[in-house]
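Okay, structure first, notes after.
Just so it is clear, none of the values below were taken in a lab; they were calculated from the coordinates. Please read these numbers as outputs of a predicted model, since none were measured by experiment. Here Cβ is always computed from backbone atoms with ideal geometry, including for glycine, and neighbour counts include all displayed protein chains.
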Amino acid sequence: MASYGYEAVDKTGKIVKGSIEADNEEKAKAEIKQQGLTLMEIKAQSALTKDINIQIGGKPKPRDLSVFCRQFVAMTKAGVSILEALRMLSEQTENQKLREATDGVRVSVEKGETLARSLAEYPKVFPSLLVNMVAAGESSGSLDVALERMAVQFEKSAKTKSLVKKAMIYPAVLCIVMVAVVIVMLVVVIPNYVNMFADMDAELPGITKAVMVASDFIIGKWFILVPAIVVIVLAIRAFAKTDAGRHVFHGLKLKIPAMKNLEVKSASAMMARTLSTLMAAGVPLIEAVDIVANTMENVYFKEALDNCKNEIIIGQPLSRPLEECGLFPPMVYHMTRIGEEAGNTEEMLTKLADYYDEEVEMAVQSLMAAMEPAIIVVMAGVVGVLIGACMAPMLSMYEALDNL
């Protein structure tokens, strides 16, 4: 497909410049016209004149999608048509990928497609959960309600992720400081002490010799050490993306006590909130559980919910496989069972989600309380060893002088 640069005027009289890909110039003109633009100039672009498309903001975050849903609902409730609402959203959205996807959705809706199918054309921007909620809302005539619930869903998700990220900032800074201190000690401080002790021809303690070997290795072999560390990090990241790697690392999160507490409560909150949102929109339980399974970040919870779907298909209530998988806390399957027996599963799941949202905040605080002193102790131990390696020869010399 060829690339064409164009200059056009929109419905408000504003001059718009951009580029478009099409099989030929006629199809490019037709596509521009379908976007509601009046074409002024169009020309083919070469590799040198082609616009450089720098994606700003990357993939939309939950907060971006929450704002998108709330603004969409506000506009449609004010009497604005869906097409006009999409056009206004594309103009005021800061995230470039979301803006381009919204423009594409508007064009697709203009051609007669439903909003849900139009959103589904951009799976990297609009998650399947949003697409299914919009589809359910369109079929039931409650699109506003579906989008409002999705706005709440995205806000809760954004809040949870923000809490976890904030919790990781302080430990990450401590680790960086520790690594920096160790490098400075081994590269700058230790070599100066080595030269001083070499002139004195003194016998060095074992700890000092070991640190000197590490210092010499870092200084003399850094061009091997740095690439080796980069390769190891990339290899670990590549392994973490494989199925075996996900099972290994996600399994570790469920074995370390402090991390397990946060992981289980986060998964419980996400499962309950998402499932209640889908059920409120009228999505069938089997389909809703399948969607929820695909939203779970931990592979073990995803597999557990996949098994739940299979059990529901053969007639089992949701609460039974939730209990049998052994991953969810007792409150999850007990509350689900109560909801099933009372016929208000959606309401029980909503209450469950609210409870575990609060529990996630407490779990984050507990994780912070456990990590901070642990990292400080490790840092003190490492730095203490290095200081001890520097001080040990000096103490030996003082003792020798005292004996003279």
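Put in line by how crowded their Cβ is, counting other Cβ atoms within 10 Å and starting with the fewest, 311, 303 read 303, 311.
Where in segment 351-391 does the label zone of residue 166 land, with the point 7 angstrom along Cα→C-beta and an amide N cut-off under 12 Å? From segment 351-391, the list is 361-362, 364-365. Summing Cβ point charges (Lys, Arg +1; Asp, Glu -1) relative to the Cα centre of segment 314-379 gives a dipole of roughly 220 debye. The length gained by stretching the chain between residue 323 and residue 242 to full extension, at 0.36 nm per residue less their Cα-Cα distance, is 26.4 nm. When the chain is treated as a GNM with alpha-carbon contacts under 10 Å, the residue of 213, 109, 145 showing the greatest mean-square fluctuation is 213.
Roughly how big is segment 203-262's charge dipole about its Cα centre, with Cβ charges of +1 (Lys, Arg) and -1 (Asp, Glu), in debye to the nearest 20? Each step should come with its number before you reach the end.
On the way: 8 positive and 3 negative charges, 88 e Å.
I would put it at about 420 debye.
Between the listed residues 150, 283, 44, the Cα displaced farthest toward the positive end of the dipole of the chain, a dipole computed from Cβ unit charges relative to the Cα centre, is found at 44.
Report the full-extension gain for the segment residue 3 to residue 207: residue separation times 0.36 nm, less the Cα-Cα distance, to one decimal in nm.
On the way: separation 204, 0.36 × 204 = 73.44 nm, distance 6.60 nm.
Working it through step by step, the gained length comes to 66.8 nm.
Here's the picture: charge each Lys and Arg Cβ at +1 and each Asp and Glu Cβ at -1 in the chain, and of 95, 208, 295 the one pushed furthest to the positive end of that dipole is 95. Semi-axis lengths, largest first, of the ellipsoid equivalent to segment 62-157 are 16, 16, 14 Å, with √(5λ) applied to each eigenvalue of the Cα gyration tensor. Using the Cβ-Cβ distance between residue 100 and residue 192 with R0 set to 35 Å, the FRET efficiency from 1/(1 + (r/R0)^6) comes to roughly 0.05. A simple rule links phi to the HN-Hα coupling: the Karplus curve 6.51 cos²θ - 1.76 cosθ + 1.60 with θ = phi - 60°, which for segment 316-330 gives 7, x, 4, 4, 5, x, 5, 6, 5, 5, x, 9, 8, x, x Hz, with x for Gly and Pro.
From least to most packed, judged by other beta carbons within 10 angstrom and beginning with the fewest, 368, 271 follow the order 368, 271. Helix 96-110 and the longest principal axis of the Cα set of the chain meet at an angle near 20°. Here the calculated FRET efficiency for residue 310 and residue 31, from their Cβ-Cβ distance with R0 = 60 Å, stands at 0.85, rounded to the nearest 0.05. If I build a Gaussian network model for the chain, linking alpha-carbon pairs within less than 10 angstrom, which residue out of 25, 324, 84 has the largest mean-square fluctuation? For the chain, modelled as a Gaussian network with Cα springs under 10 Å, the answer is 25.
Charged side chains reduced to their Cβ positions (Lys and Arg at +1, Asp and Glu at -1) give the chain a dipole of some 540 debye around its Cα centre. For 347, 94, the sequence from fewest to most other C-beta atoms within 10 Å is 94, 347.
Between 321, 62, 205, the Gaussian network model of the chain with springs among Cα atoms under 10 angstrom shows the greatest mean-square fluctuation at 205.
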